[in-house]
Every structure is written in structure tokens, then in C-alpha cells.
Amino acid sequence: MEQVSASLEVNNQSEGFARDLAAIEALNLPRAGAIPLNAARKPRLSLLDYDLPELTELVKELGFPAFRAKQIWGWLYQNFAVEYSEMSNVPKALLQKLAELAPLAPLEVVIEKVAGDGQTRKVLFRLADGAEIESVLMLYPDRATVCVSTQAGCAMGCTFCATGQLGLFRNLQAGEIVQQVLHFERYLSYIPDPSAMGHKRVSNLVFMGMGEPLANYVNLWKSIRRFHDPVGLNMGARKMTVSTVGLVPMIRRFAEEDLPVNLAISLHAANDTLRSSMLPVNNRFPVADLIQACRDYIDKSNRRVSFEYTLVEGQNDSPAAARELGRLLHGMLCHVNLIPMNPVPGSKQRGSTGEQVKAFQAELDQFGIPNSVRFEKGRDIQAACGQLKVEKDATELKRAAKVARDNSNNG
Ligand code: SF4
């Protein structure tokens, strides 16, 4: 195979993968139990890991004119091609060389579930090395939002989250983040679906799927730039929201970025005792440090921060907890999203009732904190992060146990 410098460049960028994992280790998080941190895994490059200048270099080094790169780019980002064979105006010789060097590696759909109302579509994807991730398309009258995964699994171990039970398998490459969105772009563009509410394109992105986005910082931003790029998906930066459990040094780095991408913080509790019991990361970055980083971010960017607050019955949903939250956030340029928890398989925790949610909101209103209640879409299809994967693994385990039992009975 030809050695070309463009692919080395992309490889160098994917060193961000190793660097980010080292950064996670350096954070010295008090991970819940024996959560595996699988730093050794590194996926193969795909064509979607290349930016346009890198692809142009690659095409030239393979002996073809630069305009071929633009043609290929159009096939990827305007036509959402998933096979080289679709690129009908590109010489076969070039496509063959590219396929050897950087396969397209579209995500393989393992499970696809559509909610009863047709407006939430959740997919469990298998990556080229067998890792599995989830993405969700949520349709509203005014927007089509994709919830994107940035890691396969997660090291953060939040107690209310199905993905937190899995541990971290590996960080995703930028191309693997991009592909999740391209999958739904293709779906909305090509499949006439009356339940798609007339949406032809993905309009908004939330980085709230599997994983902690700021723990995969390099590839996160590489994908954001691709989504934002006028010759990529041309999506406004304000249409994208990155959610974090509160990796303080990364929030400070985020504040330095030039694109006004929204920042959301998974807060869920306003004091250290309660927050640490729900989010082990709080032992490393306590509430006061996190809120200070958010205040500094607002000062620097003049942008509002969203706080996500999952309401878990009997745990963090009392009026006293609401008052504590109100005092903590008083005077900040922020918005609080209250989210009654989706049930997680194997967990006894439940979401707050409608009455409890209203009482919590009323307390927050007293402090003048802008807030709204967000019900997770697609409860009937396990749309919360990691649920599909956890349920699939549990089903496979049961099936394997049954086969083992049957074999031993027959033997
Ligand atoms: S809530 Fe987010 S950060 Fe926490 S375990 Fe789940 S995926 Fe990871």
C-alpha cells in the first residue's frame, strides 16, 4: 500500500485519541466499581476522518487532480453516499486506491427502533471493530435533532445512566461521530416518510449520547468543524450543544474555542454529597469548582449555560433541593432543563411524578431561574442513552446462558 503523508497527518490527528485517553487517566476519576478503561483499542481510519484539505492532499498524492477530492466530498456531504461505488463520476482507479487506504466504513445498523408516534428513531450501530454505539433522531415541528455519541461506553459511571454501567470501550474517531449524523441525513433526504414532519435535513445536534464528549476533545472538535463547515454540513454553531458532566479543565478549554457552540452541564444536584453519590466525577471536580468554571465561561463567551437536572424520585427532587439549586445558580446567565428520569434496566430508581416536578419548578421560579421541563422522547423505545445497548447485551447474555444450559442438559 502506498504511504502518503495526508494519511499520516490524519493519523497524527487521531493521536488525539491516545492523548485524550491519557487525559482521562490523568483526571484520576473515582470511577464507580471496576469500570474498564480500554485505552489500547484504536480503530482503523475511514475516509470520513479526512477534512477536505487532507482529502485533497491524499488525492493529489495518489496521482489524481485536486478537483476529484471536491467531487468525492460532494458525494459524502451532499449526497450522503455510503459506498464508493455510488461515486459514479469519479475514476474507478482512484476509488479503488482510496478504498484500500481509507475504507468508507459506514456504520452497521444492529437495531433500529421507532417510537409509536414515529418521531423518535433510535439506532444501535456497530463500528468496524465491533464496538457499539447509539444515536437518536428526534423530530419536532421546528427542528430535526440528532443525539450523537462521542465514545463507545463511558468511564464516568453516573448512577442514573445505562451507559455508565458499560464502562468505556474506546473513544470514537471524528469520522465515526460524523457518520452518525450522515446516517440520519441520508434517511431524511431519501426516504419519503410521512412521520418525518417534512424535515429533509438534520437541523440540530446534541452531543448527549454515549460518552463524555469533553473526554474525547480532539475528535469532538474535529467533528464539530465538519458539521459547521459550509462545504461540510453547513450547520450553525448555535444549533449544536455539547453536554458534559463537568470536566473543569476541559470547560475552560471549551471557553477558548472560536465557534459559539452551546454548553450544557449535567448538574443533577446542587451539593457535593448528593452530586458525588450520583456522579462520581464530582469527587474530582466539586460543585463550587464546576460553577466557578461555568461563571468564567459565561464571562468570557457571553453565552448562556444550560444545566441539565435529571429528577430522580426521592433523591434530588425535594423542594429543599430546588431551593439549594436556586441559590447556587442565582444571577447566572443560565437555563435549567428539568428531566424526569427515564427508567434504567436493573435500577430501582424512578423519575419524579408530575406533581413533584411542578413543585420543584415552582421553587426555582422563586429564584428567577429560567427553567423548563423536558420529557425524554421515545420512552417506549429505550431512547435514553445506553439503554438499547444494555438491553441488547442482557438479551444476548440470557440467550447464551440458555444455550449453555441446553447443551449441558443434552450432554
Ligand atoms: S450520563 Fe453521560 S457522562 Fe454520565 S455515565 Fe452516562 S454517558 Fe457517561
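Annotations
- Scope the range 185-217; condition out of contact with any strand residue (DSSP E or B) (no Cβ under 9 Å at 6 or more places or on another chain) and under 27 Å from Gly153 (Cα atoms); matching residues: Arg186, Tyr217
- For the range 278-288, the condition of being over 20 Å from Pro249 (Cα atoms), in contact (Cβ under 8 Å) with a residue 24 or more places away in the chain and surrounded by fewer than 18 Cβ atoms within 10 Å (Cβ to Cβ) holds for none of the residues.
- Test: residue in the range 193-207 that is within 13 Å of the ligand (Cβ to nearest atom) and either out of contact with any helix residue (DSSP H, G or I) (no Cβ under 6 Å at 6 or more places or on another chain) or in a loop (DSSP other than H, G, I, E, B) (or both): yes
- Of the residues making up the range 130-146, those that are under 16 Å from the mean Cα position of the chain (by Cα) and of a type in the set (Asp, Glu) number 2.
- Near pairs, Cβ below 7 angstrom, 6+ apart or cross-chain, from the range 220-248 (closer than 30 Å to Pro280 by Cα) to any residue that is within 16 Å of the ligand (Cβ to nearest atom) and of a type in the set (Phe, Trp, Tyr): Leu220/Phe207; Thr241/Phe207; Val242/Phe207; Ser243/Phe207; Gly246/Phe285; Leu247/Phe285; Val248/Phe285
- Contact map, the range 139-168: residues that are touching a residue at least 24 places away in the same chain (Cβ under 8 Å) and near the ligand (Cβ under 7 Å from one of its atoms) paired with residues that are small (Gly, Ala, Ser) and assigned to a strand (DSSP E or B), Cβ distance under 8 Å, separation 6+ or inter-chain. Pairs shown: Cys158/Ser266; Thr163/Gly153.
Each row is one residue, and each column tells you yes or no for (1) surrounded by 22 or more Cβ atoms within 10 Å (Cβ to Cβ); (2) small (Gly, Ala, Ser); (3) over 23 Å from Ala81 (Cα atoms).
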| position | (1), (2), (3) |
| --- | --- |
| Gln165 | yes, no, yes |
| Leu168 | yes, no, yes |
| Ala174 | yes, yes, no |
| Val178 | yes, no, no |
| Tyr187 | no, no, no |
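Conditions (1) touching a His at 6+ places or on another chain (Cβ under 7 Å); (2) part of a helix (DSSP H, G or I); (3) surrounded by fewer than 18 Cβ atoms within 10 Å (Cβ to Cβ); (4) not assigned by TED's automatic domain parsing to the domain that holds Phe360, marked per residue:
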| site | (1), (2), (3), (4) |
| --- | --- |
| Cys294 | no, yes, no, no |
| Lys300 | no, yes, yes, no |
| Tyr309 | yes, no, no, no |
| Ala321 | no, yes, no, no |
| Leu325 | no, yes, no, no |
| Leu328 | no, yes, no, no |
| Met332 | no, no, yes, no |
| Val336 | no, no, no, no |
| Pro343 | no, no, yes, no |
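- Set side by side, the residues Phe254, Phe285 differ, and just one is aromatic (Phe, Trp, Tyr), closer than 25 Å to Asn216 by Cα and within 21 Å of the chain's Cα centre (by Cα), which is Phe254.
- Out of Thr241, Thr273, sole residue that is at pLDDT 95 or above, of a type in the set (S, T, N, Q) and outside any helix (DSSP H, G or I): Thr241
- Filtered residues of the range 355-372 (kept if surrounded by fewer than 16 Cβ atoms within 10 Å (Cβ to Cβ) and within 28 Å of the chain's Cα centre (by Cα)): Pro370, Ser372
- Residue satisfying all of: in the range 192-226; hydroxyl-bearing (Ser, Thr, Tyr) and closer than 15 Å to Val181 by Cα; surrounded by the fewest Cβ atoms within 10 Å (Cβ to Cβ) among these: Ser203
- Condition met for Gly386 (in the same structural domain as Ala155 (by TED's automatic domain parsing), crowded, with 20+ Cβ neighbours inside 10 Å, modelled with pLDDT under 90 and more than 23 Å from Leu168 (Cα to Cα)): no
- Counting only residues that are among the acidic types (Asp, Glu) and closer than 28 Å to Arg350 by Cβ, the range 274-326 holds 4 of them.
The values are calculated or read from the model by the stated rules, or taken from the named source; none is laboratory data. None of these values were measured; they are calculated from a predicted model. When we count neighbours, we look across all protein chains shown, and the Cβ atoms used for this are built from the backbone with ideal geometry, even at glycine.
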